[in-house]
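Notes follow once the structure below has been shown.
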Amino acid sequence: MTLTYGNVIPPLDGNYHLKDYLKVREGFSWEQVEKDFSWYESGKVNIVYECVDRHVAEGYGEKLALHYLHGSKEVRCTYQELKDRTDHLATILKKYGVQKGDRVFIFLPKNLDCYISILAAIKIGAIAGPLFEGFMEESVRDRMLDCGAKVLITDPVLGKRITKSDFPDLQTVFVVAEAEDCTEGEVSLYEEYRKTRADQDVIEWVDLEDGFVIHYTSGSTGKPKGVLHRHRAMIHQYITGKWVLDIHEEDIYWCTSHPGWVTGSVYGIFAPLLNRATVVVNGGRFRAEFWYDIIQRAKVTIWYSAPTAFRMLMAEGDEELKSFDLSSVRHVLSVGEPLNPEAIKWGVEKLGVRIHDTWWMTETGAHLIVNLPSQSIKPGSMGRAFPGITVGILDESGREVPVGEIGQLCVKADYPGLMKEIWNNPEKYRSYFPYDGWYVSGDLAYVDEDGYVFFQGRNDDMINSSGERIGPFEVESKLIEHPAVAEAGVIGKPDGLRGEIVKAFIVLRPGYNPTARLLEEIRLFVRSELATHSAPREIEVLELLPKTRISGKIMRRVLKAWELNQDAGDTSQLDGGVCLRVALVD
Ligand code: WTA
C-alpha cells in the first residue's frame, strides 16, 4: 500500500462493529444519550454509580473490571469486587470526615489502589485530584496548595515527596501500607481496611453540575491551572467511549496514560468503565518489548496511546514486533500530539489496523475531533468533529475563516464534557471564551472541504513533549532558582521522536562557567524538583536573552526563531541577545 500525505484510508473490513455506526451522525442529540444513564429515570446522579455499581445491579458483577499486570504480578478485580473495594475505601474516607466537594488527592503509581482511590473519593461526592507519579515535590505542592487538598492518598515511596506541614488544609494522609511503613501522622490504609466495615450504601448523590475530578494543566504563562470537571461530563465520556473507542462487551481495553493526565483518567478510567469494558491497568515506561508483552498477555483488543509511543515502537523494528502475538488488537487510537502519516502506515502494514487520531484537551473533558472507525481517515488530519460538536476556525476578530485557511481552532461551548471552571481563577476561565459562545483551544488548524481538521501548531508558547503539556514559565521559574542561573527562556524544540523537547536558554551569573557538568547539574535540579518530563533536554548558554525593551519580557518567539534558523519577524522591541553556543544534549 502506498500512503502519502492526504491519501484517504477507508475503514478496514472486519475489524470494527461497523453496523453500529451507520447512523452515528444522523439525528444525534446529547439528550438522546442521556437516556442510557440510570439517573435519567431515577434522578440519582453519581458517575461512579454508572461506572461500577450499576453494572453490578444489572447482573455483571462477575465480569472482569480491572486487570492489573506489572512484571510477573497480576491482579484481577471484577465489577463486584470493584464495588466492594470502593465502598470500603469510601466508608473510611467518610469516617475521616471527607464531605461532598472536598478535594482528595491521589498520588500513586498506576495500580489498582490508584483506580480504587479515585473512584472511592468521587463515590462520596468528593473531588478527586489524581497526580502523575512523575511529579516531584514542587509540582505536587503547587497543585495541592492551589485547591486546598483535605486528604492525600499515597504510598510510602511517593509520599516522601511531600512535606505535610506545607499544607494548611491537609487533614489526613492515607498510605497504602502497613503501619510500620508509615511515618508519624500518616494513617495506614491496610489497618483501616481491617478496622472498618464497609457501608454498602455509602454513595452520595450529587448534581450533574457538581465537580468530580480536577486536573492541573500547563499553559504558556503562570503556574498550572486546576481544570475542574462536572459529573455531567459522563454523557460525553460515555458516548465517545462507545463510538470512538468502539468498546463492546467482549473488549479488553488498554490506555497507556497515567490517571494524573486527563487521558489516563477520562479514557483510562471513566469512559471504559461507563461502557463496562475490561480495563488493563499498567503504567511503566515506553519500552517496546514491555508494551507488546502486555498486549499479548492481556489479549488487548483496543489500545489507546500516543504518537511518541508509536514512533518508539516503529524505531524498535520488526524483529521485536514479530516475536509477540498481537493478533488480539483490533482497534488502535492516538492522542496528545500530531500523529505522523508514517505511523498510520506502520499501523496498517504491521498491525493490520488503522491508528485513529483523536483531538481534545484537558479543558474539553472528552474527545471533540475524532476518526470514527466507520469513516475514512486522511493521514495528517486529526479527523472530524464528533456528532454534537461544532468546530470553527476563527480569525483574531472572532470571524470564521474560509475552508482551507489557517486560524484558531475553536469549538462551540455547548457540549456536556466542557470544564466547569478553573479552580479559584474565574479570570483565566473567561479567557477561554473571548468570542461569544466559542471555546478557544490555543491550537491553530485548518479544515478541508470534507470537514477534516489539520493541526498546524500552537498559537502560544505551550510545549508538547511526548504528548505532555509543559508550561515554559514553570520551567523558567525553576531554572532561575538555581544559584548559577540569572535568567532563563524556555521553548519547545521540534524533535523527531518526542514531537518537541524542552530547550532552555540561560544566562549564567557572574563567576559561573558554562561547563557540561554545570549544565547537567542545572538540568537535574529541574528534574528533581518539578518532573522528569519538564527538565530541559538541551540547555544553551547565552550572554543575554532577547527581551522587550520596555517591559523586559523574555521573547520566546525570538528564541524559537533562532533555534529554527528562521527570521524572528519584528524585532524592533528587542533588547539584547548575543549568542554563545554551549549545548548539552541528553
Ligand atoms: C495537543 C490531551 C495534535 C494540542 C488530551 C492540544 C494534539 C493539547 C492532539 C492538549 C492531536 C492533543 N493532534 N495535537 N490529536 N491531541 N493535542 O490538555 O496542542 O494534555 O491543545 O490534553 O495537546 O493537551 P492536554
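A few remarks follow.
- Alpha-carbon centroid distance for the pair segment 330-402 / segment 433-489, whole angstrom: 18
- Gyration tensor analysis over the Cα atoms of segment 517-569 returns equivalent ellipsoid semi-axes of 25, 13, 11 Å (largest first, whole Å).
- Whole-number percent relative contact order across segment 334-421, with pairs defined as alpha carbons under 8 Å at least 6 apart: 23
- Computed with a 1.4 Å probe over protein heavy atoms only, the accessible surface of the chain comes to 40 Å² per residue.
- Under 5 Å from the amide H of Arg230 lie the amide H atoms of Phe212, Lys420, each residue being 5 or more positions distant or on a separate chain, with H modelled from the backbone and absent for Pro and chain starts.
- Only aspartates and glutamates eight or more places from Lys242 in sequence, or on another chain, were considered; those with a Cα closer than 20 Å are Asp13, Asp20, Glu26, Glu31, Glu34, Asp36, Glu50, Asp53, Glu58, Glu250, Asp251, Asp357.
- Isotropically averaged projected area of segment 78-206, using the convex hull of Cα atoms (one quarter of hull area), nm²: 7.4
- With a simple spin-label model that places each label point 7 Å from the Cα along the Cα-to-Cβ direction, the separation between Ser220 and Asp201 comes to 5.5 nm.
- Report summary: the helix-based calculation at 222 nm, which adds -39500 (n - 2.57) for every DSSP H run with n ≥ 4 and divides by the residues of the chain, gives -6500 deg cm²/dmol.
- Tail beyond 20 Å, pair distance distribution of segment 290-375 (Cα, percent): 32
- Residue-span extension gain [Arg25 to Glu209] - 0.36 nm each, minus C-alpha spacing: 63.6 nm
- Spin-label pair Ser528/Gln32, simplified geometry with 7 Å Cα→Cβ offset, distance in nm: 5.8
- For segment 456-506, the set of GluC sites (Glu not before Pro) satisfying both a DSSP loop assignment and a count of at most 16 other C-beta atoms within 10 Å is given as Glu481.
- In sequence order, segment 501-513 has phi-based couplings of 10, 7, 10, 10, 10, 10, 10, 7, 6, x, x, 9, 9 Hz under the Karplus curve 6.51 cos²θ - 1.76 cosθ + 1.60, θ = phi - 60°, and Gly or Pro positions carry x.
- Under the Debye formula (equal points on every Cα, no solvent term), log10 I(q)/I(0) of the chain at q = 0.06, 0.09, 0.10 Å⁻¹: -0.30, -0.71, -0.88
- Length gained when the stretch Asp450-Glu316 is fully extended (0.36 nm per residue, less Cα-Cα span): 44.7 nm
- Set of lysines near Lys195 by C-alpha distance (under 19 Å), chain-local residues within fewer than 8 positions excluded: Lys83, Lys94, Lys95
- Unsatisfied cross-links (Cα-Cα over 24 Å) in the set Lys63/Lys110; Lys150/Lys420; Lys44/Lys110: Lys44/Lys110
- For the chain, the relative contact order is 13 percent, taking Cα pairs closer than 8 Å that sit 6 or more residues apart in sequence and dividing their mean separation by the residue count.
- Candidates per GluC sites (Glu not before Pro) in segment 50-137, loop by DSSP, up to 13 other Cβ within 10 Å: Glu58, Glu62
- Cα gyration tensor shape of segment 461-584, rounded if a/c is under 1.5, else prolate or oblate by comparing a/b with b/c: oblate
- In a fully extended conformation the segment linking Glu249 and Lys164 would gain 26.2 nm over its present Cα-Cα distance, using 0.36 nm per residue.
- Solvent-accessible area, 1.4 Å probe, carbon plus sulfur percent, for the chain: 48
- Taking the convex hull of Cα positions in segment 221-290, its mean projected area over all directions (nm²): 6.4
- Per-residue ³J(HN,Hα) for segment 553-558, Karplus 6.51 cos²θ - 1.76 cosθ + 1.60, θ = phi - 60°, Hz, x for Gly and Pro: 6, 5, 8, 5, 4, 6
- Applying 1/(1 + (r/R0)^6) with R0 = 51 Å to the Cβ-Cβ distance of Arg517 and Lys44 gives a FRET efficiency near 0.25.
The values are calculated or read from the model by the stated rules, or taken from the named source; none is laboratory data. Because the structure is a prediction, the values reported are computed rather than measured. Every residue, glycine as well, gets a Cβ built from its backbone with ideal geometry; the counts of neighbours run over all protein chains shown. Each accessible area value is taken on the protein alone, full model and side chains, heavy atoms only, with ligands, DNA and RNA left out. Shrake-Rupley method; radii C 1.70, N 1.55, O 1.52, S 1.80 Å.
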